[in-house]
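K.L.:
Can you keep this structure in mind? I'll have questions shortly.
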Amino acid sequence: MTDQVIKADLKNMTRDELKAYMKELGQPAFRGEQIFTWIHGNATEFDHMTNVPQKLREQLQERCKITCHEIVTVQSSKTDGTKKYLFRLEDGNTIESVFMKYKFGNSICVSTQAGCRMGCKFCASTIGGLCRNLTAAEILEEVLAVQRDTGERISHIVLMGSGEPFDNYDNVTKFLQLVHDPKGLNLSLRNITLSTCGILPNMKRFGDEFPQVNLAVSLHASNSELRSQLMPVNRRYPMDELMEVCREHVNKTGRRITFEYTLVKGVNDKEENLNQLTKLLAGMNCHVNLIPMNPVSERDLKGTDRKFAEEFCKKLEKRGIQATVRRELGSDIDAACGQLRLNSQK
Ligand code: SAH
């Protein structure tokens, strides 16, 4: 037995939880509101909370913590405003987040797990396996730490960093609740996009609970056999069932779904793939995001050339499937899709 006390993480609490916690400490509920506002407004220490009585601050200091990430490195792209952050967590694990500037505002790509256990063949995030799930506080702190460091407000979030969000459902949805709170970052759920490799039970649940969040599905193949080769998750949740759930999602939410399709040279970029993909997606309210595979040093797979990808895109469009080739930000600092990893200093 250790006598180390586990401190309550106030950053991990919703506003209601924080109010209830204050009550437990014999405090009025409005203190919970005040502290919530401080935490989400970039306070990193109890001493920053000037409208909270000194005595309570001391009490909190003893019993609680406010999770903060240590910045290990920041790499800035020379070609666009992208910045990749390597953060160290309390237990020594490291994660990455990417800050991107767009015309419509600032966006952050957050990680939801340290590592990943999905095993996709083209992705760097899975190479060391899964270390652990991130807490809601740790995901939120990715956003807050980047806001503190850049001094800029973030208006859009994509859950597309390392990890599979639906393999960490409870913490990820709690994070969404936190950033959506009007007394917190007050982000519209419509400014948030979650990307999944297709863990179907949680995808269904998410459609019911968070219909406003944009859903992106990592498809990457035009038939089930090929998908199983590239993405082991397809053996558990096969493509025909995935497509069924996607159709239900579109019907249920009335919203367009995005399919991500990483183009791997000679593997999924052939005429036959184009034909199968067209059949698969015909008549569905969807958009295909084509991403020429970014290099991952441990893998011998290669990305499709950009020009070829653009032709693939045009052909899809001609066949009535909406598609774009994703503009890649931050590839000069290995901050592009599938390049985030546990230890970027490797
Ligand atoms: N686990 C989630 C979130 C990761 S999102 C998911 O699978 O969707 C990262 C996106 O980048 C996914 O669509 C992923 O398939 C894609 N990706 C992974 N490796 C890539 C690579 N090397 N090049 C381009 N895209 C990649």
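The values are calculated or read from the model by the stated rules, or taken from the named source; none is laboratory data. Just so you know, these numbers come straight off a predicted model, no measurement behind them. Neighbour counts are summed over all protein chains in view; Cβ atoms, including those assigned to glycine, are modelled from backbone coordinates with ideal geometry.
K.L.:
Quick check, is E24 surrounded by fewer than 16 Cβ atoms within 10 Å (Cβ to Cβ), charged (D, E, K, R) and in contact (Cβ under 8 Å) with a residue 12 or more places away in the chain?
P.N.:
Details: surrounded by fewer than 16 Cβ atoms within 10 Å (Cβ to Cβ): yes; charged (D, E, K, R): yes; in contact (Cβ under 8 Å) with a residue 12 or more places away in the chain: no.
When the stated conditions are applied, E24 does not pass them.
K.L.:
Next up: Under 6 Å between Cβ atoms, which residue pairs at least 6 apart in sequence (or on different chains) link something in region 83-97 that is basic (K, R) with a partner that is outside any strand (DSSP E or B)?
P.N.:
K84/I333; K84/A335
K.L.:
I've got another one for you. Give me a count of the residues in region 314-341 that are within 15 Å of the ligand (Cβ to nearest atom) and either modelled with pLDDT of 80 or more or part of a loop (DSSP other than H, G, I, E, B) (or both). Let's see the steps before the verdict.
P.N.:
Start the filter on region 314-341 by keeping residues that are within 15 Å of the ligand (Cβ to nearest atom), which leaves 323-341.
Adding the requirement that they be either modelled with pLDDT of 80 or more or part of a loop (DSSP other than H, G, I, E, B) (or both) leaves 323-330, 334-341.
Total satisfying the criteria: 16.
K.L.:
Shifting gears a bit: Considering only residues that are surrounded by fewer than 16 Cβ atoms within 10 Å (Cβ to Cβ) and either of a type in the set (A, V, I, L, M, F, W, C) or in contact with a strand residue (DSSP E or B) (Cβ under 8 Å, 6 or more places away or on another chain) (or both), which ones fall in region 69-90? Don't jump to the end; show me each part of the working.
P.N.:
So in region 69-90, the residues surrounded by fewer than 16 Cβ atoms within 10 Å (Cβ to Cβ) come out as 70-74, 76, 78-79, 81, 88, 90.
Passing the criteria: E70, I71, V72, T73, V74, S76, G81, R88.
K.L.:
Sticking with this one: Scan region 225-245 for residues that are within 17 Å of Q276 (Cα to Cα) and away from the ligand (no atom under 13 Å from the Cβ) and jot them down.
P.N.:
Matches in region 225-245: E225, L226, S228, Q229, P238, M239, D240, E241, M243, E244.
K.L.:
Residues in region 112-131 that are more than 9 Å from the ligand (Cβ to nearest atom) and part of a strand (DSSP E or B): how many?
P.N.:
4
K.L.:
Here is a further query. For residues in region 180-213 being among the polar types (S, T, N, Q) and touching a helix residue (DSSP H, G or I) at 6+ places or on another chain (Cβ under 6 Å), which is farthest from the ligand (Cβ to nearest atom)? Even if it seems obvious, please write down each step before you answer.
P.N.:
Applying the first criterion (among the polar types (S, T, N, Q)) to region 180-213 yields 186, 188, 191, 193, 195-196, 202, 212.
Checking which are touching a helix residue (DSSP H, G or I) at 6+ places or on another chain (Cβ under 6 Å) leaves us with 196, 202, 212.
Numbers: T196: 5, N202: 12, Q212: 19 Å.
Checked region 180-213; the qualifying residue farthest from the ligand (Cβ to nearest atom) is Q212.
K.L.:
Which residues, taken from region 93-128, are β-branched (V, I, T) and in contact with a Cys (Cβ under 8 Å, 6 or more places away or on another chain)? So that I can check it myself, show each step before the final result.
P.N.:
In the first step, residues of region 93-128 are kept if they are β-branched (V, I, T); the result is 94-95, 98, 108, 110, 112, 126-127.
Within region 93-128, V98, T126 meet the criteria.
K.L.:
Considering (1) touching a Leu at 6+ places or on another chain (Cβ under 8 Å); (2) within 14 Å of the ligand (Cβ to nearest atom); (3) at negative phi, say which one H220 fails and leave the rest.
P.N.:
Going through the list (1) touching a Leu at 6+ places or on another chain (Cβ under 8 Å); (2) within 14 Å of the ligand (Cβ to nearest atom); (3) at negative phi, H220 breaks only (3).
K.L.:
Follow-up question, since we're still on this one. Tell me, please, whether a residue that is within 14 Å of the ligand (Cβ to nearest atom), in contact with a helix residue (DSSP H, G or I) (Cβ under 7 Å, 6 or more places away or on another chain), closer than 25 Å to L140 by Cβ and among the aromatic types (F, W, Y) can be found in region 156-167.
P.N.:
Taking every residue of region 156-167 in turn, at least one turns out to be within 14 Å of the ligand (Cβ to nearest atom), in contact with a helix residue (DSSP H, G or I) (Cβ under 7 Å, 6 or more places away or on another chain), closer than 25 Å to L140 by Cβ and among the aromatic types (F, W, Y).
K.L.:
Could you list, ordered by first residue, the pairs with Cβ atoms under 6 Å in which the first is in region 63-80 and under 23 Å from H48 (Cβ atoms) and the second is polar (S, T, N, Q) and assigned to a loop (DSSP other than H, G, I, E, B), at least 6 apart or interchain?
P.N.:
C68/T44
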